[in-house]
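To start, the structure itself, in structure tokens.
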Amino acid sequence: MTTQSFKNSKQEFNFGPWKLTANKSHIMKSKDIEKLAEEMKIHSLPEMLFGDNVLKVQHAGGFGIVFNATDALRTVDNGHGTVKVACADAWQESRADSEHSKVVKPYDWTFTTSYKGTLLGDNLKLKVTPTTDRIDLEKLKTREQIMYFEEVLLFEDELHDHGVSMLSVKVRVMPSSFFVLLRFFLRVDGVLIRTNDTRVYHEADKNYLLSEYSSRESYISALQNVPQYLFTDPNEISQYLPLKQLTCEKLEFPEDVDNSTVFGNVQICVNSDEANRESRQT
């Protein structure tokens, strides 16, 4: 299970007209988790749920995008999907005495989410349109000064010691752009590995952001030629997983918004070597 300090913290970083806010807090209390599960009509929620953890990317004009666990869990598709059912059957058979074997109403015990973030703004919002434009991942791999990096864990569950289901979001800011990676990672031991990634990229001189959602998965039986130690590393194993879905979108600024407003108010911070290694993941 991922280790994370549970000390409350709030980090803010200004990048021109943008403010990036990373809020980290404690795991939700049991009574609050039960109340949320009842509200969502879900039998169970992840055992480590960080309801107050948030990554927010907001423009001075009020619009932007935010990533949080509650909205992500609202996109969990309960009771559908042939691959999911097949995995659930295999997993529940091996855990015949677990609480899941006693559940009458089906639910997605893997907490698989297709969440791509939540748009911010009341009167002004980003306009989402399909696009053929792609994020230049090779450009992101080049050595460029990293002025800010943060990672926020949203939820995690060990599936009763039969794997892991985890959602986290990372952000890094360079002199001319920022990049966000939201990753859902699922490993059901002996059965399946899945990653659902949302990448959001913005260059300072553009009046839009690019968003790419990709879903990859493979049965472990099809990964016999892949070293098993890679199964626990989302960054390494993802390259071996076949692409199942790709959605490319352009998040366009509202009309009449001047992207140059207050641009130049860019903070500079020094990253540790470890932070730089982590932040260059694409």
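The values are calculated or read from the model by the stated rules, or taken from the named source; none is laboratory data. Model, not experiment: these values are computed from the prediction. All Cβ positions, even for glycine, are placed from backbone atoms using ideal geometry, and neighbour counts span all protein chains on display. The protein model used for the area step is the full one, side chains on, heavy atoms only, and it has no ligands, DNA or RNA in it. Shrake-Rupley method; radii C 1.70, N 1.55, O 1.52, S 1.80 Å.
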TODO: Those residues that are of a type in the set (Lys, Arg) and out of contact with any strand residue (DSSP E or B) (no Cβ under 7 Å at 6 or more places or on another chain), I need them from the stretch 14-46; list them, please.
DONE: LYS29, LYS31, LYS35, LYS41
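What about ARG199, is it open to solvent by 10 Å² or more (accessible area, probe 1.4 Å), at pLDDT 95 or above, touching an Asp or Glu at 6+ places or on another chain (Cβ under 7 Å) and part of a strand (DSSP E or B)? First the steps, then the outcome.
On the way: open to solvent by 10 Å² or more (accessible area, probe 1.4 Å): yes; at pLDDT 95 or above: yes; touching an Asp or Glu at 6+ places or on another chain (Cβ under 7 Å): yes; part of a strand (DSSP E or B): yes.
Against the criterion (open to solvent by 10 Å² or more (accessible area, probe 1.4 Å), at pLDDT 95 or above, touching an Asp or Glu at 6+ places or on another chain (Cβ under 7 Å) and part of a strand (DSSP E or B)), ARG199 qualifies.
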TODO: Return only the number of the condition from (1) surrounded by fewer than 22 Cβ atoms within 10 Å (Cβ to Cβ); (2) in contact (Cβ under 8 Å) with a residue 40 or more places away in the chain that SER211 does not satisfy.
DONE: (1)
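Any residue that is touching a Ser or Thr at 6+ places or on another chain (Cβ under 9 Å), closer than 13 Å to ALA22 by Cβ and open to solvent by 10 Å² or more (accessible area, probe 1.4 Å) - is there at least one of those in the stretch 153-167?
The initial filter retains those residues of the stretch 153-167 that are touching a Ser or Thr at 6+ places or on another chain (Cβ under 9 Å), namely 153-160, 162-167.
Remaining after also requiring closer than 13 Å to ALA22 by Cβ: 153-154.
This time we only want the ones that are open to solvent by 10 Å² or more (accessible area, probe 1.4 Å), so: none.
Checked against the condition, which is being touching a Ser or Thr at 6+ places or on another chain (Cβ under 9 Å), closer than 13 Å to ALA22 by Cβ and open to solvent by 10 Å² or more (accessible area, probe 1.4 Å), the stretch 153-167 yields no hits at all.
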Open item on the list: Being without any contact (Cβ under 8 Å) to a residue 60 or more places away in the chain, farther than 21 Å from ALA22 by Cβ and either of a type in the set (Asp, Glu) or open to solvent by less than 10 Å² (accessible area, probe 1.4 Å) (or both) is the requirement here; does ASP233 meet it?
Closed with: yes
Open item on the list: For the stretch 170-189, give me each residue that is open to solvent by 10 Å² or more (accessible area, probe 1.4 Å) and in contact with a Phe, Trp or Tyr (Cβ under 9 Å, 6 or more places away or on another chain).
Closed with: LYS170, ARG187, ASP189
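Which ones in the stretch 20-57 are outside any helix (DSSP H, G or I), of a type in the set (Val, Ile, Thr) and either open to solvent by less than 30 Å² (accessible area, probe 1.4 Å) or closer than 14 Å to ASP157 by Cβ (or both)?
THR21, ILE27, ILE42, VAL57
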TODO: Residue by residue through the stretch 193-235, note down the ones that are under 19 Å from the mean Cα position of the chain (by Cα) and of a type in the set (A, V, I, L, M, F, W, C).
DONE: ILE193, VAL200, LEU209, LEU210, PHE231
